[in-house]
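Okay, so here's the structure we're looking at.
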Amino acid sequence: MSFVICIAGGSCSGKTTLARHLQHRLGADSCMAIRQDDYYFDIRERETNSELPNFDVPEALDFKKMAEDIAALKNGEPVALPNYDFVTHQRRLPSEPLEPRKYIIVEGLLLLNAEEVRPLFDHSLYMKCSYEERFARRLARDVAERGRTEDFVHKQFHEDVEPAHQSFVAPSAKYADEVIHQSEYVNDLTGLIDRVVELLPKDELEQPTPQMRLAL
C-alpha cells in the first residue's frame, strides 16, 4: 500500500518546492505527486457575478473527488488525475491513468482542513511562513506565471487569501504531525528533506541531493 505524505500550509509557504524536491529525492519510479490545486471546481460550475469567486475557501475544491482518487491509489488502482488551468479557471482533460507509487505526496493549502482527505494521510507536514514572505512570493508568482496584475494580486491577497488563511489554513496546523518553520530551512532545503525522509520507510531511497535553498 502506498505511503501518503501531506504537505500543507499557507499560499506560497514553500509547499510546492518541498514537494518537488522530495519527489526527486525519493525517485520518480517510487514517488508521485498530487496537487490540491488541480481539484478546483471548474469556474463554470460555480456561481459568479462577473468577478472571480474566492479560490481560498474549502467549497472551491472537490475534496470528495480527491479522497476517492487517493483511496484508489492506496488500494493499488490506477487513477486519471484532474488538471486545472489557472489562466482560464477551467478543468482541462484529465491525465492518462497513473499507476500508484510507493510514496504519494499530496500538497495544498487546505488539505489539513478537509475532513474528507485528512484520514488518508500517513504523515502530514504544515509549512509555517510569515505573512510578509507569503505575500511577496504570491505577488511574484501570480504576475509572472498566472498573468495577473499587481493591483489584482494585492486585492485578492488582502480580501480573499489572507482572511481564508486565518479562518481555515492556519487553524488546521493543529492536525499536522509536524509543523515546519520555513525560516529555519530557507538556506537548507536538503536538511529539511533529510528530516522528512527519516520518517519514511527506508528502502528504495535515493542518495541525498546537494544543498538547496527553499524558494518559491
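Brief remarks follow.
- Applying the condition of being assigned to a loop (DSSP other than H, G, I, E, B) and in contact with an Asp or Glu (Cβ under 6 Å, 6 or more places away or on another chain) to segment 54-89 and asking which residue is farthest from Phe121 (Cα to Cα) yields Asn54.
- Scan of segment 175-187 for residues that are out of contact with any Phe, Trp or Tyr (no Cβ under 9 Å at 6 or more places or on another chain) and exposed (fewer than 15 other Cβ atoms within 10 Å of the Cβ), ordered by number: His181, Ser183, Glu184, Asn187
- Screening Ala176, Ala140 for residues that are over 24 Å from Cys6 (Cβ atoms), of a type in the set (A, V, I, L, M) and touching a residue at least 24 places away in the same chain (Cβ under 8 Å) leaves exactly one candidate, Ala140.
- Segment 145-167, residues that are modelled with pLDDT of 90 or more and surrounded by fewer than 16 Cβ atoms within 10 Å (Cβ to Cβ): Thr149, Glu150, Asp151, Phe152, His154, Lys155, His158, Glu159, Pro163, Gln166, Ser167
- Of everything in segment 21-65 that is touching a strand residue (DSSP E or B) at 6+ places or on another chain (Cβ under 7 Å) and among the polar types (S, T, N, Q), the residue that is surrounded by the fewest Cβ atoms within 10 Å (Cβ to Cβ) is Ser30.
- Segment 83-101, residues that are modelled with pLDDT of 95 or more and in contact with a helix residue (DSSP H, G or I) (Cβ under 7 Å, 6 or more places away or on another chain): Pro100
- Verdict on Leu189 being touching a residue at least 60 places away in the same chain (Cβ under 8 Å) and within 16 Å of the chain's Cα centre (by Cα): no
- Out of Asp142, Asp151, sole residue that is in contact with a helix residue (DSSP H, G or I) (Cβ under 7 Å, 6 or more places away or on another chain) and either more than 30 Å from Asp29 (Cα to Cα) or of a type in the set (Lys, Arg) (or both): Asp142
- Among (1) touching a Phe, Trp or Tyr at 6+ places or on another chain (Cβ under 6 Å); (2) in a helix (DSSP H, G or I); (3) modelled with pLDDT under 90 - the single one Leu214 does not satisfy: (2)
- Filtered residues of segment 90-109 (kept if outside any strand (DSSP E or B) and in contact with a Phe, Trp or Tyr (Cβ under 9 Å, 6 or more places away or on another chain)): Lys102, Gly108, Leu109
The values are calculated or read from the model by the stated rules, or taken from the named source; none is laboratory data. On a predicted model such as this, the values are computed, not experimentally measured, just so you know. Counting neighbours? That spans all protein chains shown, and the Cβs are built from the backbone with ideal geometry, glycine included.
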